[in-house]
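I have placed the structure first, in the form of structure tokens, so that the comments after it can refer back to it.
The values are calculated or read from the model by the stated rules, or taken from the named source; none is laboratory data. What you are looking at is a predicted structure, and each value in this text was computed from that prediction instead of being measured. Ideal geometry is used to build each Cβ from the backbone, glycine not excepted, and the neighbour counts take in all protein chains shown. Areas reflect the complete protein model, heavy atoms only, side chains present, ligands, DNA and RNA absent. Shrake-Rupley method; radii C 1.70, N 1.55, O 1.52, S 1.80 Å.
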Amino acid sequence: MAVLNVNPTRMELTNLKKKLMTARKGHKLLKDKRDELMRRFLILIRENKELREKVEAGIKVANSHMSVARSVMTDEEIEVALMMPSQKMSAEVEQQNIMSVDVPLFKPRFKSAKEGEIYSYGYAFTGSDLDDAVGALAGIMPEMLRLAQTENACRLLASEIEKTRRRVNALEHVLIPQYEETIKYITMKLDENERSSTTRLMKVKDMMLESAHNYQ
């Protein structure tokens, strides 16, 4: 591992030791964040799987009823029956913070609380299978919204996990080893300088003693 391009001084050694301590603390915090993000991500993945299975089953039931309805009604009759919906659904968007990640929350809001409002047509000229198809679709709409929410949350958390993983690896395999190697290098240089200074001082002392002896 290459050392940093710094002057081998005691001040630089002190600064690098402080930076190394900060980097190690940051590394631990990022690892804890990564682990917690992974835990939340796995919970959402399981929830997403359950919701998708439920939504797909509901769509399958609705398609089955709609196929039967199309066999006894013309496309024009079905189009006229569904032309003017009396019930409307909207999504209220809020934010939830998960480990510094802002995840949108979708809350369904219906125009009317009456269950019968999903049927925008009279029953005289329509079959029960159309009612069942409309009812099945209306029943899974909140789950579809929740599914969109969890899939979006999974995508955002996966992106944050990847960013955090790269930062952890950069600290663990690049920055912290560089700091450690540079600290070791500066320590060796300072020790060499200290030994050289000690050797010079001893030589000077010997020269002074020799000079004093000759003077006497």
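Answer yes or no as to whether Ala69 is assigned to a helix (DSSP H, G or I), in contact (Cβ under 8 Å) with a residue 40 or more places away in the chain, at negative phi and hydrophobic (A, V, I, L, M, F, W, C). Judged against the criteria, Ala69 is a match.
Take Met188 and tell me if it is in contact (Cβ under 8 Å) with a residue 12 or more places away in the chain and open to solvent by 40 Å² or more (accessible area, probe 1.4 Å). The answer is no for Met188.
Leu4 falls short on exactly one of the conditions (1) at pLDDT 95 or above; (2) surrounded by 12 or more Cβ atoms within 10 Å (Cβ to Cβ), and that condition is (1). Look at (1) farther than 30 Å from Val68 by Cα; (2) within 27 Å of the chain's Cα centre (by Cα); (3) at pLDDT 90 or above and you find that Arg146 fails only one, number (1). Glu36 meets all of the listed conditions (1) closer than 17 Å to Glu172 by Cβ; (2) out of contact with any helix residue (DSSP H, G or I) (no Cβ under 9 Å at 6 or more places or on another chain) but one, namely (1). Hey, can you tell me all the residues within segment 123-182 that are of a type in the set (A, V, I, L, M, F, W, C), farther than 30 Å from Gly26 by Cβ and surrounded by 14 or more Cβ atoms within 10 Å (Cβ to Cβ)? Selection gives Leu130, Ala133, Val134, Ala136, Leu137, Ala138, Ile140, Met141, Met144, Leu145, Leu147, Ala148. State which residue is least open to solvent (accessible area, probe 1.4 Å) when the search covers only segment 48-93 and only residues that are among the acidic types (Asp, Glu) and closer than 24 Å to Cys154 by Cα. In this case the residue turns out to be Glu92.
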